[in-house]
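To keep things clear, I will list the structure first and then write my remarks on it.
The values are calculated or read from the model by the stated rules, or taken from the named source; none is laboratory data. No experiment lies behind these values; they were computed from the predicted model shown. Cβ placement follows ideal geometry from the backbone for every residue including glycine, while neighbour counts extend to all protein chains displayed.
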Amino acid sequence: MKEKIIGVIIVIFSFICQVTICKFIALNDIGPNLLVIVAASFGFLYGKKPGIIAGFFIGLLFDVFCGNILGFYALLFMYIGFFNSFFKQLVYKDELPLQLLLVGVSDLFYGIIVYLLLFLLRGKFHFGYYTLHIILPEVIYTVILEIIVFFIGSLIRKIIPEETDRSEKKEIA
Amino acid sequence: MKQKRPRFTLPSNYILLFLTIVSVVLMLVTFTTDLFNGVLADVSGHVTVPFQRGISVAGRYLSERTEDLATIRSLQEENDTLREQVDQLTIENNTLMQERYELNNLRSLYQLDQEYSEYDKIGARVIGKDGGNWFSSFIVDKGENDGIAVNMNVIAGSGLVGTVTKVGDNWARVTSIIDDSSNVSGMILATGDNLIVSGDLELMDRNNIRFEKLIDSADKVKEGDKIVTSNISDIYFPGLLIGYITSIDADSNNLTHSGRLTPAVDFEHMDEVLIITQLKDDYDEFEE
């Protein structure tokens, strides 16, 4: 129960950060994507079910406030959480490189899907432009943010040691 | 692996399948109706908007303070020169006040109306921006409870910002005219020629947007001309300033022109906006 409540708080808090703080620190209009980090981390740190459910609700919030059709981003973030959960066996909570790679690939996947479904279908064919100016800068910025999030998370784990293996204390401050 | 097994657990693949179906159904439903939009928008608005409001205020405070530090020296110099100006202007102002008094009297004599019809407006604070990097919209802290409805026009300063595209109880989302998916029917103020202004993500980092389908048979439109909203739109009120033309080219069909314009509004530093609390449809009926 306790871990579920903490999970809900993390989802809501990360969404609020995404529409406020992540925009204050945007460079040249490109901000990092904290939501991909959270959805992916729920997947590769806590397994299938948390990844799917957290991703779904993150996406649903995003749909309500920023999307046009309910369910589109819910589906997208849910599958980000789901695919990342396959790597749960390989990921150690205190090892950064693989987590960075997973977050980077997830954000790349997110960017390409958004381009394909929301831009290509409206006849915007300059994939090269969008890759260079939107998708790749966002991936780089997101990976940098993941480094910060990772260290905040390990700091929290040091201060508040996890009681059980399944505790939901995640690495969002 | 697990020592204690909960009484009942759904396999996660079923959850995935179930939620996928839920999402697809939601998409299909929201394509055609507004069934879930209202409820979800209200509930999630009550959960997140108060926090967004707080964080926005704090974030704005911090960025303002850092700017303060950076500009303190130039401000001191500016202050001295401004003081001198104030003295001069006070004298000037006095004479102008006298003239205005005269003007007001003359105006009422001629029963001059105001130059533009005034719309009812309500101020709103920007409390969040679009979460992704693909579209350009933002969240404001006024909603249905304050009389906001979808399709209301939003302005800031003197120019058009966009329209309200979604409302909750206590929040509304404004899609700006620089958004890649937005199109506005515009008009060159000087010549009355119509054109279409459409946002373009590819030009956004140059702070430009695109216009097209300008039929300028007299070839009189030039760079720097004002573009305002035209009267053939069913959403936008006529005469709202969109921006100024920065470049203009003839299309390959030799009939129409297209080019770029600079919006009148600074979309990056927008803290407060004004929402016109009338809808175009209502307004037209009102006129008749």
Query raised in the report: Among the residues of the stretch A:69-90, which ones are among the hydrophobic types (A, V, I, L, M, F, W, C) and more than 11 Å from chain B (Cβ to nearest Cβ)?
Result: A:ILE80, A:PHE86, A:PHE87, A:LEU90
Report summary line: Residues of the stretch B:27-57 being over 23 Å from the mean Cα position of the chain (by Cα), under 16 Å from B:VAL167 (Cα atoms), of a type in the set (Val, Ile, Thr) and more than 8 Å from chain A (Cβ to nearest Cβ), in sequence order, are B:THR33, B:VAL39, B:VAL43
Report summary line: Expected single match for more than 18 Å from B:THR48 (Cα to Cα), part of a loop (DSSP other than H, G, I, E, B) and of a type outside the set (D, E, K, R) among A:LEU117, A:LEU90 is A:LEU90
Requested in this report: Read through the list (1) within 11 Å of another protein chain (Cβ to nearest Cβ); (2) surrounded by fewer than 19 Cβ atoms within 10 Å (Cβ to Cβ); (3) at pLDDT 90 or above, then give the number of the only condition that A:LYS124 fails.
Outcome: (3)
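Identify all residues within the stretch B:176-206 that are within 14 Å of chain A (Cβ to nearest Cβ) and in a loop (DSSP other than H, G, I, E, B); write none if there are none. Steps first, answer last, please.
First pass over the stretch B:176-206, keeping only residues within 14 Å of chain A (Cβ to nearest Cβ): B:176, B:178-183, B:198-206.
Residues satisfying the conditions are B:ILE178, B:ASP179, B:ASP180, B:SER181, B:SER182, B:GLY199, B:ASP200.
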Query raised in the report: Looking at the stretch A:108-121, which of the residues that are more than 11 Å from chain B (Cβ to nearest Cβ) and without any contact (Cβ under 8 Å) to a residue 24 or more places away in the chain is surrounded by the fewest Cβ atoms within 10 Å (Cβ to Cβ)?
Result: A:LEU121
Requested in this report: Determine which member of the set B:LYS220, B:LYS226, B:LYS213 is assigned by TED's automatic domain parsing to the domain that holds B:SER185 and on the phi > 0 side of the Ramachandran plot.
Outcome: B:LYS213
Query raised in the report: Somewhere in the stretch A:39-55, is a residue part of a helix (DSSP H, G or I), facing another protein chain (nearest Cβ under 7 Å), hydrophobic (A, V, I, L, M, F, W, C) and within 28 Å of B:SER176 (Cα to Cα)?
Result: no
Report task. Test B:PHE237 against the criterion of being surrounded by 12 or more Cβ atoms within 10 Å (Cβ to Cβ), of a type in the set (Phe, Trp, Tyr) and under 20 Å from B:VAL126 (Cβ atoms), and give yes or no. Result -> no
**Report entry** Residue satisfying all of: in the stretch B:164-200; among the aliphatic types (A, V, I, L, M) and modelled with pLDDT under 85; nearest to the chain's Cα centre (by Cα) among these
**Finding:** B:LEU189
Query raised in the report: What tally of residues in the stretch B:266-279 results from selecting those that are under 30 Å from B:GLU64 (Cα atoms) and modelled with pLDDT under 85?
Result: 7
Query raised in the report: So which of B:ALA172, B:ALA190 ends up being closer than 19 Å to B:LEU279 by Cβ, touching a Lys or Arg at 6+ places or on another chain (Cβ under 8 Å) and of a type in the set (A, V, I, L, M)?
Result: B:ALA172
Query raised in the report: Has the stretch B:63-77 got at least one residue that is surrounded by 11 or more Cβ atoms within 10 Å (Cβ to Cβ) and at the interface with another protein chain (Cβ under 10 Å from one of its Cβ atoms)?
Result: yes
Query raised in the report: Between a first residue in the stretch B:157-179 that is without any contact (Cβ under 8 Å) to a residue 40 or more places away in the chain and at positive phi and a second residue that is buried (at least 21 other Cβ atoms within 10 Å of the Cβ) and part of a strand (DSSP E or B), which pairs have beta carbons less than 6 Å apart while being 6 or more apart in sequence or on different chains?
Result: B:GLY162/B:VAL154; B:GLY162/B:VAL174; B:GLY162/B:THR175; B:GLY162/B:SER176
Report summary line: Counting only residues in the stretch A:15-34 that are surrounded by 23 or more Cβ atoms within 10 Å (Cβ to Cβ) and more than 8 Å from chain B (Cβ to nearest Cβ), the one nearest to A:ILE52 (Cα to Cα) is identified as A:LEU34
Query raised in the report: What's the number of the condition A:PHE83 fails, among (1) surrounded by fewer than 24 Cβ atoms within 10 Å (Cβ to Cβ); (2) farther than 21 Å from A:LEU136 by Cα; (3) aromatic (Phe, Trp, Tyr)?
Result: (2)
